[in-house]
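I have placed the structure first, in the form of structure tokens, so that the comments after it can refer back to it.
Each reported figure results from applying straightforward, stated rules to the coordinates on display, with no laboratory input. Please read all numbers here as calculations on a predicted model, not as lab measurements. All Cβ positions, even for glycine, are placed from backbone atoms using ideal geometry, and neighbour counts span all protein chains on display.
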Amino acid sequence: MSILRFQSDRAGAAWRSCIASAFRTALACTIIGCITLFDPPSFKHQIAFPAFSYVTAILLVTDATVEDTFRGCWHALYASVFGVCPAILSLWLMGPAQLTICTTPVAVALSAFVVVLPENSHLISKRIALGQIVVVYVLAFINGPKTDPILHPIHVLASTAIGAVACVLASLLPYPSLACYEVKKKFKLYTKNASERVGVLMKAFSAQDETSAQALILQSKSLARTGTKLLRSIKSKQESMLWGRVPVKFLKPYCTNPGQILQEIETPLRGMEIALSNGTVPFPERKDDLAGIEELISRHIKSMPLTVPEANAENVAESLQTLRTVPTDHRQLPSIFFLFCLKLLQAKLATTSAISSIKEGSTDPGKQEKWFFIRIWRSLSTNINKSRLMPAFKCSLSLGLAVFFGSLYSKENGFWAGLPVAISLASAREPAFKVANVKAQGTVLGMVYGVFGCFIFGKYVPIQLLSLLPWFIFCSFLRRSHMYGQAGGISAVIGAVLLLGRKDFGPPSEFAIARITETFIGISCSIVVELVLQPTRAFALAKVQLSKNFKVMRNSIGAISLTASEANLQESLKKVKLQVNELGKFIGEAEVEPNFWFLPFYSACYSKLSVSLSEMVEFLHFITHAIQFLHQESGRMDTNLWKESMSKINADLKIFKEIVDSSIKCFEEVSLVKSLVLLDKEMERKNISLDLESGKSPKIPSTMKLPGSEEEVTIEKTLSYYLQHCNEFLEAIHADKGEKELKSRIALILSCIGFCMSGLVRETREIEKAIKELVQWENPSSLVNLHDISSKIHALAAAVDTMPTQVGSVGNNESLSHKKLCVRIPLPM
């Protein structure tokens, strides 16, 4: 019953969200329709392009709160400064009569380049500015000498302003939709979800049988997915909350940085799941360690961000002080890691409560508003970054070609080819073919619905406007679907509004066909420019990014040391997180990328690699936390004891790191090899023999050995030595006060590090299996042995290094043979 109720609540929340978003979008479009259709002609004359009013409103009001619309109005104003104002100057200087089918695309492209190039300007501002540029120049080209160089851009500016004002009114009626309120509601839902997860995880930890424990673990994973969605929704509204402070001063934000606060408790919860998933559950022998903790922590989570009495924290600490030594059996490490994460959760809760109380007691509205306006002023800066040159050039070229071919096909409708390109500008690389496909489908769906609505309701414009509401509801679900997404849903909305929200544009069917054709022209120009200027497929980028992940992972693991500084550990962890996230983006793009005549993308294998790398990042994250806690406890211990013990334990950790490093180094090199057949041919061409048994092959570094049966024994022995040295360290600790508590905390910390290091080795083995599978899939006719492949690569590198300088002069860090073998992705045989 609880599962059915949960699914029903989630479905009801999705319906309410979609209907609310659709209602406000429909209300904004209705306001624009009333202004542009029923107002006096003298006023309507000032709004020369009402279609752009609808486009502006849809860009700003979709899934927006009051704060979002205030921010959207600011972005619209900012866009007008860089879109309309320069157009007024250029039209006044050269005159509209000088615009031809060749000069108009050039003017549009140059203006677009200037708009897209700055790094700090918001994406919405760029989209609106690009739309204004297309409308101003193309309409001036269509009307020719009749165009007023000053009033015409001002009319386009008025159309933009009407759309922005309609968004503000729609967000306020019938009641204001506040980001602060939404965050508060999602905050409470997340804390309830986290409290339930803690209860389920603790029940799984102390369950009486494995069947019950596994069922509870599955339940916790389901709750974790819901919690992740809530946390993502909260983070998406944090910037909007800042905009609610200035215009609505009486509304106090619920939290200054709620996403960060909740992320602090998400990490230990994830660690508890890892502990249960990587051990033999349940652990009934440690059931007494959790006595009274579940209720205290659940109450603490539910009361966030309010303060909780310190007695609760003390009770939790006392409950976790039953551990005095590190377990000698490595199979007990998961249960100790679970307790460490529970302790970490308690520490994070105490920290967030203290931070919340400080922020609530020391809020200075004047200071916050001053900082807020400083951020706004910084957004006005036009910092130029070299990395922005290519995206700006691609956008300007796409827009210029779209306007040129669109005007060449139909002068009166030429701007419909450039407008979809302008308002669909992306902030980062995206799957071009998928986005183009959903835009085209969305446009067709919207236009067909518009033609159908015009046919049914005829000239009854008010009823036509009302008929948009069910379409907006449908498109709200389209935007949330995997098939269409944001691009397809917005295209469908705009397509219907342009027909049902206007009049005197000619026969609806003819307009629909013309716009569909022009949209196809604009999308085709975007795809061609993308393929010409950035031909590298996401498949190839994912392959190269995988190698980068291995390199950064090696550096991050190599930085692990019990005496390492917290800053270095955090910096290396941040780098590896960024690289793993980047790999996930490329994998997502490659999965929807058409194969054409290329080798298909092996998404299942890459997904396994991404999961294993993400697991390794989480282990590194917990190791960083553990070392930080260990540094905090070191001040209470004898300096000589600390140095001597850390030296022994670091020696054990070094063996772990060498085993993992040697494997990952091999993966880094093997993952870039494009063909094993070419590798063997290159070996034959250079007369290099590789006979490992006879010892005549080039010397292979010992760090290149992959984990096999011998290394598995070494790992178990190393882990035993590590646990033994940790216990020796604990036995030598003596303190005048709080010795038991100190030993308990250090035992948890050292056990956590041991569990995470063994977890890194375990995930390295999983990566080895996936890499073998990937290389075998790319080379179906070859027998795959990663050790042999790595040996061949080093043999070729050694051979090139011994050749004359002019032969191997491609660089100091990459040999000629290795570079030649790792350039392109092979085509299917």
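Structural remarks
- Near Ser21, once Lys and Arg are set to +1 and Asp and Glu to -1 for all other residues with Cβ below 13 Å from its Cβ, the sum equals +1.
- The stretch between Arg299 and Lys643, if pulled fully straight at 0.36 nm per residue, gains 119.8 nm over its current Cα-Cα span.
- Shape of the range 609-649, Cα gyration tensor, a/c cut at 1.5: oblate
- Extension gain from Trp92 to Leu110, taking 0.36 nm per residue of separation minus the Cα-Cα distance: 4.8 nm
- Efficiency of FRET from Cβ geometry, Leu531 and Cys85, R₀ 35 Å, rounded to 0.05: 0.55
- Out-of-range pairs (alpha-carbon distance over 21 Å; input Lys551/Lys674; Lys574/Lys743; Lys548/Lys608; Lys203/Lys343; Lys543/Lys686): Lys574/Lys743; Lys543/Lys686
- Label separation (Asp209 vs Gln46): 7.7 nm, computed from points 7 Å beyond Cα along the C-beta direction.
- Span from the the range 731-789 Cα centroid across to the the range 497-556 one, whole angstrom: 42 Å
- Applying the Karplus relation 6.51 cos²θ - 1.76 cosθ + 1.60 with θ = phi - 60° to the range 112-124 yields 3J(HN,Hα) values of 5, 4, 5, 6, 7, 4, x, 8, 8, 5, 6, 5, 4 Hz, where x marks Gly and Pro.
- Distance in nm between pseudo-label sites at Ala798 and Glu510 (7 Å out along the Cβ direction from Cα): 7.9 nm
- Estimated FRET transfer efficiency (Tyr409, Tyr460; beta-carbon r; R0 45 Å; 0.05): 0.85
- Estimated inter-spin distance, Arg331 and Arg225, nm [label 7 Å along Cα→Cβ]: 3.2 nm
- The range 387-434: C-alpha gyration tensor shape, a/c 1.5 cut-off, then a/b vs b/c: prolate
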